[in-house]
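K.L.:
Dumping the structure here so I can ask a few things about it.
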Amino acid sequence: MKLALYRKYRPKNFSEIIGQETTVLILKNAAIQNKIGHAYIFYGSRGTGKTTTARILAKVLNCKKRQEDSKFSELGEPCNECEICQAIDNNSFLDVVEIDAASNRGIDEIRNLKEGVQTSPSLGKYKIYIIDEVHMLTGAAFNALLKTLEEPPRHAIFILATTEYEKLPSTIISRAQRFLFKKVSALKILEKLKEIKEQENILIDDEALELIARSSEGSLRDAESILDQISSSAQKITLDLVEELIGKSSLKIIDQLTEMILKNDLASSLEYIRKLNDDGYNASQITKDLISYLRKIIVLHVNPKFTDNFQNDFTKEELKRLIDLSKLVNLDKHTVFLKYLIRAYSEIRYSPFSFIPLEIALIENLKQ
Ligand SMILES: Nc1ncnc2c1ncn2[C@@H]1O[C@H](COP(=O)(O)OP(=O)(O)OP(=O)(O)O)[C@@H](O)[C@H]1O
Ligand SMILES: [Mg+2]
Ligand SMILES: [Zn+2]
């Protein structure tokens, strides 16, 4: 079976981790100075590198080459070549124990942990327990874990990972070093997807890659999984295909922007566009979608019966929303605006300034 892309492209070094610069810097420095804490909490949204970073840290702590070669150990990275690094990568190293707290809420595992943690590591320097989804542990399991965290043997290190930090008891939190894993920006996701596209020879339009990057909401794993899924379903991947797969995610965005425009709220709409730009949205696509949305709303303003014509494109609720928005239309003002938008659209396609033509259209039309 083919290895899933997100596993194939799992970073093996700290330096390959994307978008978690502060966390990586601190962990690397700790490794260089051999100042290792005995408990860490990695928290933050899904698919942002928590488990990956935990495994890299486990390798760093036990890597043979780091112990034998002081020059190498100053890099703060695992060698990925010694038998210990390789065993950890293959999940077959006895001194690194991964526990999935979600699977049976951890009672047996924590009991085993309590016993196992006291015996010395078999081959490595440290025994490392990676507890995933740690917020799922039962109260009893948390208590057992807490006891161990209060007086851990010197060879034991705990890395607790969770997407739901607020569910952790404060007694656990206060005994660990905490690291937030941030959502990865769409731009950085896009860069990574482009790299994978090159290496895997995937035929995919840039626009389609952009849509994948945006719609994965900061999760690199989600982005890689979507690319995986879609590249095995078609030879050449177009924007249409991706849209079909993930649903037209842009409707909500366009709807919000349209409301700001119809309410003549220039400040908010400019701010919103700046955010879309930061999040890596494509100016040309946004403007195109805005034109088609606004046109429908203007048509409905002139003749509400036109909803019949839009029934294939929208749900009942969405249609109701269109009708509501159409009540805000000022026919003269907004038809002129539509013309400006169409001009902005053709300018954007040939200009290096992406969102600026759209901004100008807004400023010219929404100013008092
Ligand atoms: N920051 C990142 N840098 C590079 N690749 C990443 C990053 N985050 C996630 N990935 C990719 O996504 C895959 C899954 O990441 P990982 O398992 O570390 O996420 P996680 O934060 O533990 O997610 P979950 O909360 O769902 O357990 C990795 O194998 C890698 O391909
Ligand atoms: Mg994980
Ligand atoms: Zn090694």
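Just so you know, all these numbers are worked out from the coordinates, no wet-lab data involved. Since the model is a prediction, treat every value here as computed from it, not as a measurement. Glycine gets a Cβ as well: all are built from the backbone with ideal geometry, and neighbour counts include every protein chain shown.
K.L.:
How far apart, in nanometres, would the label points at Gln177 and Arg349 be if each is projected 7 angstrom from Cα along the Cα-to-Cβ direction?
P.N.:
Taking the two extended label points, one gets 5.4 nm.
K.L.:
Sticking with this structure for a sec: Full-extension gain between Asp100 and Glu195, please, as 0.36 nm times their residue separation minus the C-alpha to C-alpha distance.
P.N.:
31.1 nm
K.L.:
Relative contact order of segment 236-368: what whole-number percent is it, with Cα pairs under 8 angstrom and at least 6 residues apart? Don't skip to the end; give the middle numbers.
P.N.:
On the way: 98 pairs, mean separation 41.6, N = 133.
Value for segment 236-368: 31 percent.
K.L.:
Find, among the GluC sites (Glu not before Pro) in segment 1-77, those assigned to loop by DSSP (not H, G, I, E, B) with at most 15 other beta-carbon atoms within 10 angstrom.
P.N.:
Working: sites: Glu16, Glu21, Glu68, Glu74; in loops: Glu74.
Hits after loop and neighbour filter: Glu74.
K.L.:
Roughly how tilted is helix 283-302, in degrees to the nearest 10 and between 0 and 90, from the longest Cα axis of the chain?
P.N.:
Tilt relative to the chain: about 50 degrees.
K.L.:
For a bin width of 20 Å, list the pair-distance distribution of the chain built from all Cα-Cα distances, rounded to whole %.
P.N.:
It works out to 24, 42, 26, 7, 0, in whole percents.
K.L.:
From the C-alpha coordinates alone, can you work out the Kirkwood hydrodynamic radius of segment 235-350, in Å?
P.N.:
Numbers: mean 1/r = 0.0660 Å⁻¹.
Final number for the Kirkwood radius of segment 235-350 is 15.2 Å.
K.L.:
Which residue fluctuates the most in the chain, going by a Gaussian network model with Cα springs under 10 Å, if the choices are Ala223, Ala234, Ala176?
P.N.:
Among Ala223, Ala234, Ala176, the largest mean-square fluctuation in the Gaussian network model of the chain belongs to Ala234.
K.L.:
Considering only C-alpha atoms, what is the centroid distance from segment 24-78 to segment 162-192, in Å?
P.N.:
The distance from the Cα centre of segment 24-78 to that of segment 162-192 comes to 16 Å.
K.L.:
For segment 5-181, what is the per residue volume of the convex hull drawn over the alpha-carbon atoms, in cubic angstrom? Working shown, then result.
P.N.:
On the way: hull volume 19.6 nm³, N = 177.
Normalising the Cα hull of segment 5-181 by residue number yields 111 Å³.
K.L.:
What is the antiparallel percent of DSSP beta bridges lying wholly in segment 5-181, to the nearest 5?
P.N.:
Working: 0 of 20 bridges.
Of all bridge pairs located within segment 5-181, approximately 0 percent are antiparallel.
K.L.:
What nm value, rounded to one decimal, do you get for the distance between Val336 and Asn90 when each label is placed 7 Å out toward the C-beta?
P.N.:
Result: 7.3 nm between the two label points.
K.L.:
A follow-up question, please. State which entries of Lys252/Lys339; Lys188/Lys288; Lys194/Lys263; Lys50/Lys275; Lys182/Lys252; Lys236/Lys305 exceed 30 angstrom in Cα-Cα distance in the structure shown. Can you show the working numbers first?
P.N.:
Working: Lys252/Lys339 23 Å; Lys188/Lys288 25 Å; Lys194/Lys263 39 Å; Lys50/Lys275 27 Å; Lys182/Lys252 24 Å; Lys236/Lys305 40 Å.
Too far apart for the 30 Å limit: Lys194/Lys263; Lys236/Lys305.
K.L.:
In a GNM of the chain with a 10 Å cut-off on Cα contacts, which of Phe158, Phe306, Phe179 has the highest mean-square fluctuation?
P.N.:
Result for the chain, Cα springs under 10 Å: Phe306 fluctuates most.
K.L.:
Using a Cα-Cα cut-off of under 19 Å, which aspartates and glutamates could be cross-linked to Lys296, ignoring same-chain neighbours fewer than 8 residues away?
P.N.:
Cross-link targets: Asp255, Glu259, Asp308, Asp313, Glu317, Glu318, Asp324, Asp332.
K.L.:
Next up: Sequence gap at least 6, Cα distance under 8 Å: using those rules, report the relative contact order of the chain to the nearest whole percent. Intermediate results must be reported in sequence, preceding the final value.
P.N.:
Working: 486 pairs, mean separation 57.0, N = 368.
Relative contact order here is 15 percent.
K.L.:
Projected area of segment 94-151, taken from the Cα convex hull and averaged over every viewing direction, in nm²? Provide the component values of the computation, followed by the final result.
P.N.:
On the way: hull surface 14.9 nm².
Reported value for the Cα convex hull: 3.7 nm².
K.L.:
Something else: Hey, what did segment 186-246 get for relative contact order, percent, Cα under 8 Å, at least 6 apart? Walk me through the intermediate numbers first.
P.N.:
Details: 56 pairs, mean separation 24.6, N = 61.
Relative CO of segment 186-246 lands at 40 percent.
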